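Participant: Structure below; questions to follow.
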Amino acid sequence: MTQYKRSIVITGGAGFIGSHVVRLFVNKYPEYKIINLDKLTYAGNLANLKDIEDKPNYKFVKMDICDFDAFYQLMQDEHIDGIIHLAAESHVDRSIKDPFTFARTNVMGTLSLLQAAKLYWESLPEKFEGKRFYHISTDEVYGALQMTHPEGIKPPFTTKASSETHHLAYGEDFFYETTKYNPHSPYSASKASSDHFVRAFHDTYGMPTIVTNCSNNYGPYQFPEKLIPLFINNIRHRKALPVYGKGENVRDWLYVEDHARAIDLIFHEGKVAETYNIGGFNEWKNIDIIKTVIKTVDRLLGRAEGEDLNLITYVKDRLGHDARYAIDSTKLQKELGWEPSLQFEEGIEKTVKWYLDNEEWLENVTSGDYQKYYEKMYSSSF
């Protein structure tokens with residue numbers, strides 16, 4: 001029987017960000033046993049990990065993170081010493097229609113993992129030594145920033161992810177690790193609550209925890225309810241592109257593989273009980289990123305660049321739609337030496353090419369329940 005140096009559970013490992021983290025850890029650390037724990041709800045897809053499913057240090061376990069007894073048993077059976085917790089309900093639109101599911105999964109699910117880890121690790125002779133509970137969260141817990149410069153100004157910092165032609169800030173303030181929580185949606189409220197529970201388990205029991213808050217991710221394997229894959233798919237099929245309000249809401253964007261690299265670094269070298277923001281210093285208004293995606297898709301499909309700009313369809317704004325998110329990840333850069341590797345236009349090009357080259361994957365995840373969801377969310381708006 002193989003003896004592994006570490007035994008790590010990655011929750012939500014069949015999802016978008018989680019699958020990239022699982023792949024990175026399985027390939028980079030053959031001396032680790034990596035257990036992918038996922039309930040396989042609508043956004044979880046084992047096809048995301050076909051390339052590593054036969055690796056000897058990889059194991060998949062189908063489980064609901066709210067099932068305390070099952071997870072506690074898994075901790076004991078697999079001698080788990082590290083948890084990277086990504087499993088979550090994560091789509092704001094869905095949280096507005098069904099907040100109870102978000103509270104159950106994001107709050108009670110996280111609490112279930114924390115309590116199981118606490119009981120198991122406390123039962124060991126070494127207690128918490130060498131253990132780690134790493135909770136991945138969102139910048140949305142901070143609330144919203146004012147858009148004091150809607151025309152855009154020169155930002156105070158730059159990373160490799162920053163666009164060469166579109167490097168702007170839309171206000172003077174940013175989200176810092178010290179920014180007070182002020183969530184506005186059921187989704188962000190549920191994530192804020194889970195963050196507080198993680199920190200409370202450190203403060204109360206001494207559990208070695210870390211929390212990170214990240215900006216919007218984009219890249220391969222993202223479920224097409226999110227803006228970029230949704231629009232790539234719609235442009236290909238010349239379907240309307242539903243844009244909330246005037247499309248002026250601002251988000252910071254980070255390529256998903258750069259987020260996975262940050263998670264790897266923080267899991268191994270981050271300080272216990274610390275919070276780290278992960279972002280690209282890469283602010284875009286929704287309408288500008290949509291136009292960039294349209295032009296990129298058109299060019300790669302051999303259409304006239306911008307030919308499909310007429311697909312943009314403005315729909316009623318989302319309830320409680322935050323104006324601006326912008327993360328300051330200077331702490332992570334200075335303390336651990338991380339910064340993004342891909343400039344934004346490079347990342348968009350890679351992302352669009354991946355979705356255009358993997359039409360079968362896209363068709364498989366956009367059948368059945370996805371069609372019903374899509375019609376429910378957007379059909380009345382056109």
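No lab work stands behind these numbers, since they all come straight from the coordinates. None of these values were measured; they are calculated from a predicted model. Note: ideal-geometry Cβ built from the backbone for every residue, glycine included; neighbour counts use all protein chains shown.
Participant: Could you work out how much longer the chain between Leu319 and Lys97 gets when fully extended? Use 0.36 nm per residue separation minus the Cα distance between them, nm to one decimal.
Facilitator: Details: separation 222, 0.36 × 222 = 79.92 nm, distance 1.06 nm.
Difference between extended and current length: 78.9 nm.
Participant: On a straight-distance basis, which aspartates and glutamates could pair with Lys316 in a cross-link, Cα separation under 16 angstrom, same-chain partners fewer than 8 positions away excluded?
Facilitator: Asp93, Glu248, Glu375
Participant: Could you run the Karplus curve 6.51 cos²θ - 1.76 cosθ + 1.60 with θ = phi - 60° over segment 215-224 and give me ³J(HN,Hα) per residue in whole Hz, x for Gly and Pro?
Facilitator: With coefficients 6.51, -1.76 and 1.60, one gets 7, 4, 9, 9, x, x, 6, 7, 4, x Hz.
Participant: In addition: Just to check I understand the Karplus step: with θ = phi - 60° and J = 6.51 cos²θ - 1.76 cosθ + 1.60, what whole-Hz values come out for segment 7-15, glycine and proline as x?
Facilitator: 10, 10, 9, 10, 7, x, x, 9, x
Participant: Quick one: what does P(r) look like for segment 173-277 with 5 Å bins over all Cα pairs, in whole %?
Facilitator: Result, from short to long distances: 2, 9, 14, 18, 20, 15, 9, 6, 4, 2, 0 percent.
Participant: Further, regarding this structure: If the only charges are +1 at each Lys and Arg Cβ and -1 at each Asp and Glu Cβ, what is the size of the charge dipole of segment 74-190 around the Cα centre, to the nearest 20 debye? Intermediate results must be reported in sequence, preceding the final value.
Facilitator: Numbers: 10 positive and 16 negative charges, 31 e Å.
Magnitude of the dipole: close to 140 debye.
Participant: Now for a separate question. Taking a threshold of 18 Å on the Cα-Cα distance, which of the pairs Lys5/Lys271; Lys28/Lys350; Lys39/Lys59; Lys226/Lys291; Lys154/Lys334 fall above it? Show your work: numbers first, answer last.
Facilitator: Values: Lys5/Lys271 21 Å; Lys28/Lys350 22 Å; Lys39/Lys59 14 Å; Lys226/Lys291 16 Å; Lys154/Lys334 21 Å.
Beyond 18 Å between Cα atoms: Lys5/Lys271; Lys28/Lys350; Lys154/Lys334.
Participant: Can you pull the Rg over Rh of the chain, Cα-only, Kirkwood? Spell out each step's value before the answer.
Facilitator: On the way: Rg = 20.4 Å, Rh = 21.3 Å.
Rg/Rh: 0.95.
Participant: Now, a different point. Would you please state the base-10 log of I(q)/I(0) at q = 0.18, 0.21 1/Å for segment 1-133, with intensities from the Debye formula using one equal scatterer on every alpha carbon?
Facilitator: The Debye formula, applied to the Cα set alone, gives -0.98, -1.26.
Participant: I'd like the Karplus ³J(HN,Hα) series for segment 139-152: coefficients 6.51, -1.76, 1.60, θ = phi - 60°, whole numbers in Hz, and an x wherever there's a Gly or Pro.
Facilitator: Going residue by residue, I get 6, 5, 5, 6, x, 9, 9, 6, 8, 7, 10, x, 7, x Hz, with x marking Gly and Pro.
Participant: Once amide H atoms are placed 1.01 Å from N in the peptide plane, what residues at a sequence separation of 5 or more from Tyr244, or on another chain, have their amide H within under 5 Å of its amide H?
Facilitator: Counting only residues 5 or more places away or on other chains, the set is Val315.
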